[in-house]
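Below is one structure, written out as structure tokens, with a few remarks after it.
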Amino acid sequence: MLKIHEVLDESVLPEKTLKLAFEQRQKSRLKTHLTDGTEVGLFLERGRVLRNGDCLKAEDGTIIAIEASPEPVSTVHHDDMLLIAKAAYHLGNRHVQVEIGPGWLRYAQDHVLDNMIAGFGLKFVSEEAPFEPESGAYGDHTHSHSH
């Protein structure tokens, strides 16, 4: 098993890829497989959330890129940013993690939340997509490489 202890601060050219859903990218200890089938163990600093594009360095020097894998999400698109802001507020008030983009927001698929969103007069699309929620007011804001 390839052991990984280090998250690199800079983006470097990766040799291999590790695809993980958001829930997995929050774990500091995880046994999984690279996209090429190589078994890996993550032994990372607690509290670190891996983001799409982050690079890791294995004990043997291998550089591994993190790729956010598609997962079940609900995505809301609307031209009325006030409605989007209200939806984001109510999701956040329920401590739901939300990804926000221009004219849209996304959350982990949940039928109760979908019904709440529909109640605001918004339509959502259930889909499989990478999920990169906001880090929060006190989260890590040093994430600076491009996606």
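Here are some notes:
- Converting phi to 3J(HN,Hα) with the Karplus coefficients 6.51, -1.76 and 1.60 and the offset θ = phi - 60°, the range 79-92 yields 7, 7, 5, 5, 5, 4, 5, 4, 4, 4, 4, 5, 5, x Hz in sequence order, with x at every glycine or proline.
- On the beta carbon distance between Glu23 and Arg46, with R0 = 22 Å, the FRET formula returns roughly 0.90.
- For the chain, calculated [θ]222 nm from helices alone, where every DSSP H run of n ≥ 4 adds -39500 (n - 2.57): -5000 deg cm²/dmol
- Here the Karplus relation 6.51 cos²θ - 1.76 cosθ + 1.60, evaluated at θ = phi - 60°, turns the backbone of the range 22-32 into coupling constants of 4, 4, 5, 6, 8, 7, 8, 10, 7, 9, 7 Hz, with x for every Gly and Pro.
- Residues listed by number, the range 1-34, amide nitrogen under 13 Å from Glu59 label point at 7 Å toward C-beta: 1-6
- Karplus-derived HN-Hα couplings along the range 2-18 (A = 6.51, B = -1.76, C = 1.60, θ = phi - 60°), whole Hz, x at Gly and Pro: 7, 9, 10, 10, 10, 9, 7, 6, 10, 7, 10, 6, x, 9, 9, 10, 10
- Gyration tensor (alpha-carbon) shape descriptor, the range 2-68, a/c threshold 1.5: rounded
- Spin-label pair Lys31/His5, simplified geometry with 7 Å Cα→Cβ offset, distance in nm: 1.9 nm
- The amide H of Glu67, built 1.01 Å from its N in the peptide plane, has Leu18, Lys19, Leu20, Gly53 as neighbours under 5 Å, considering only residues 5 or more places off or on other chains.
- Ignoring lysines fewer than eight residues from Lys16 along the same chain, the ones with Cα atoms less than 22 angstrom from its Cα are Lys3, Lys27, Lys31, Lys57.
- Convex hull of the range 71-129 built on C-alpha atoms - directionally averaged projected area, nm²: 3.4 nm²
- Going through (1) -0.48, -0.64, -1.02, -1.32; (2) -0.36, -0.52, -1.06, -1.68; (3) -0.39, -0.55, -1.04, -1.45, the figure that equals log10 I(q)/I(0) by the Debye sum over Cα atoms at q = 0.11, 0.13, 0.18, 0.22 Å⁻¹ as computed for the structure here is (1).
Readers should treat all values here as calculations from the given coordinates under stated rules, not as data from a laboratory. Computed from a prediction, not measured in an experiment: that's the story for all the values here. Cβ: placed from backbone, ideal geometry, glycine included. Neighbour counts: every protein chain shown.
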